[in-house]
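Working notes for the structure below.
Where a number appears in this text, it was derived from the coordinates with a stated rule and is not lab data. Values in this document were obtained by computation on a predicted structure and should not be read as measured data. Cβ atoms come from the backbone with ideal geometry, glycine included; neighbour counts cover every protein chain shown.
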Amino acid sequence: MRLIAAFLQLIRLPNLFFILLTQVLFQCCIYYPLYRHALNEEDIVHFIFLVLASLFIAAAGYVINDYFDINIDEVNKPDKMVVDKIIHRRWAIAWHLILSFCGILFTALAVPVLEKWYLVLANIFCVALLWFYSTKFKKGLLIGNIVISLLTAWTILIVFFSKVSPINAFEPESNAQPKFFRFAFLYAGFAFITTLIREAIKDLEDIEGDRRYGCRTMPIVWGVNATKVYIAVWMIVLIIMLLVIQVYILQFQWWWPVAYTVLFVVVPLIIIFSKLFKASSSKDYHNLSSWVKLVMLAGILSMIFFYFYL
């Protein structure tokens, strides 16, 4: 049981559930209401394979990240270490390879390979990105944060591109397609920006271990105050974008989604903003990171409303 619990901790089970929830809600609350004819057994099976592919690739990324982060984690989070304490390094590498292979295999099963070979290639690229993130990008300035933010947005965009060809993704073949495109990129954009914010806060939280092992993250290169300004700018951009979208939605008299977004996404972001410049300890930054994660969850859950409005 101890080994199973350690493995589930290694693959970040709560984070995998978050990916699962995001893709299921996007499929069921955005795609199906727009394309009601698409609800068939074949589409459901392909979607399940696509979700499994995303989960396996993400799990492989978490495993390899912990493998290369052993020294840093000994400083930043010694109580949460799994690799080299419970699971041997060789087994970590083995699990990374197995999970990555399964992720690519399920991608190939999820889409018609001859028509959408680029999605298989994209997920192979994701596996490679996660490897290089763990070995190199994570220690660099900004690039690691951008990579993780792009991969987070990709969990939504891969579902979109599995339904729509990139060639005609921007062409209104039907009344539903422009709406599907807007929803996909709005939620992917939300995922991208909130992840950028959270990754920068995590850099502040992990500054001691990162500095000791030669990382060049934002707080180390730019300083803590400049990093906070960077986070604040992205938060202001996100809040303004969300408010503009709410004004747009109001013309359709969708009162409940607007009220929900303001109360559970915009207001918490304002609270996080107010606490950002007062934060000084690792515990403070950890709490802010948790708040951002809750905002991300609230944003993703807002998809439920569109099941009833679309």
Amide hydrogen neighbours beyond the local backbone of L142, cut-off 5 Å, H modeled: M218
Computed over region 147-256, Kirkwood Rh from alpha-carbon pairs, angstrom: 16.4
Selection from G103, F180, V237, by position along the positive dipole direction of the chain (Cβ): V237
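Report the relative contact order of region 208-279, percent, no decimals, based on alpha-carbon pairs under 8 angstrom and at least 6 residues apart.
Values: 24 pairs, mean separation 21.2, N = 72.
Relative contact order, region 208-279: 30 percent.
Which trypsin sites (Lys or Arg not before Pro) from region 246-299 combine a DSSP loop assignment with at most 11 other Cβ atoms within 10 Å?
Values: sites: K275, K278, K283, K293; in loops: K278.
When the trypsin sites (Lys or Arg not before Pro) of region 246-299 are filtered for loop state and at most 11 Cβ neighbours within 10 Å, K278 remain.
If you count, for each residue, the other Cβ atoms within 10 Å and average over each peptide, how do 49-58, 185-194 line up from highest to lowest? Let's see the in-between values first.
Details: 49-58: 22.6, 185-194: 20.2.
Ranked from most to least packed, the peptides come out as 49-58, 185-194.
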Charge dipole magnitude, Cβ of K and R +1, D and E -1 - region 31-156, Cα centre, debye nearest 20: 340
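Of the listed peptides 87-95, 230-238, what is their order by residue-averaged count of other C-beta atoms within 10 Å, with the highest listed first? Mind dumping the intermediate values first?
Numbers: 87-95: 15.2, 230-238: 17.2.
Those peptides, ordered most packed to least, come out 230-238, 87-95.
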Under the Karplus curve 6.51 cos²θ - 1.76 cosθ + 1.60, θ = phi - 60°, whole-Hz ³J(HN,Hα) for region 121-138, x wherever Gly or Pro sits: 4, 5, 6, 5, 5, 4, 4, 5, 4, 5, 5, 5, 4, 5, 8, 9, 4, 4
Sum of -39500 (n - 2.57) over DSSP H runs of 4+, divided by residues of the chain (222 nm, nearest 500): -24500 deg cm²/dmol
Structure-derived Cα extents along the principal axes in Å - corresponding label in [x] 64, 36, 35; [y] 57, 51, 47; [z] 55, 44, 36: [z]
Distance between region 1-67 and region 127-156 - C-alpha centres, whole angstrom: 19
Packing-based ranking, highest mean first, of 5-11, 219-225, 150-156, 106-112 given that Cβ atoms within 10 Å are counted: 150-156, 106-112, 5-11, 219-225
